[in-house]
Amino acid sequence: MDERSQKLKEIILQKYPSIRAFAREAEIPHGTLVSALTHGIDGMAWGKLDHICRILDINATDLEPVCHVENAMSEMEKRLLAYYNRLNDLGRAKVEEYVKDISRIAAYEEKTIIDKS
């Protein structure tokens, strides 16, 4: 059994009492699932693997838990990250230095109330 198949099997057994119980829940023949886990899930049809991973709430490519919407980046964060990723080491160091500087200024803090009197 390869590493990915072993990992999938462990995830299934963490959430279900047996492979058979999961196969029943996923409406996949038990023998098909056992064969895939034994011979490697990389040979399994993508649709079937995707179906299994959706039930388990994991990503089909890396078998890690799915990142849900509440943890997703905003459009501005994505845009800033894209700009940052285009920079070389010197540019990244400058951005970090600038962000550290302005984060120490109370007027730029998220929860600071500016007195307008």
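The values are calculated or read from the model by the stated rules, or taken from the named source; none is laboratory data. Computed from a predicted model, the values in this text were never measured in an experiment. Here Cβ is always computed from backbone atoms with ideal geometry, including for glycine, and neighbour counts include all displayed protein chains.
Points to keep in mind about this one:
- Taken together, the residues in the range 7-19 that are without any contact (Cβ under 8 Å) to a residue 24 or more places away in the chain, assigned to a helix (DSSP H, G or I) and surrounded by 14 or more Cβ atoms within 10 Å (Cβ to Cβ) amount to 1.
- Failed item in (1) part of a helix (DSSP H, G or I); (2) closer than 14 Å to Ile11 by Cα, with Asp42 passing the rest: (2)
- Filtering the range 78-87 to residues that are in a helix (DSSP H, G or I) and loosely packed, with under 10 Cβ neighbours inside 10 Å leaves Ala82, Asn85.
- Where Leu90 falls short, out of the listed (1) in contact (Cβ under 8 Å) with a residue 24 or more places away in the chain; (2) assigned to a helix (DSSP H, G or I): (1)
- Test: residue in the range 20-41 that is under 16 Å from the mean Cα position of the chain (by Cα) and either modelled with pLDDT of 90 or more or surrounded by 13 or more Cβ atoms within 10 Å (Cβ to Cβ) (or both): no
- Applying the set (1) surrounded by 11 or more Cβ atoms within 10 Å (Cβ to Cβ); (2) modelled with pLDDT of 90 or more; (3) over 30 Å from Val34 (Cα atoms); (4) under 28 Å from the mean Cα position of the chain (by Cα) to Lys94 leaves exactly one unmet item: (4).
- Residue in the range 54-61 that is surrounded by fewer than 12 Cβ atoms within 10 Å (Cβ to Cβ), in contact with a strand residue (DSSP E or B) (Cβ under 8 Å, 6 or more places away or on another chain) and not aromatic (Phe, Trp, Tyr) present: yes
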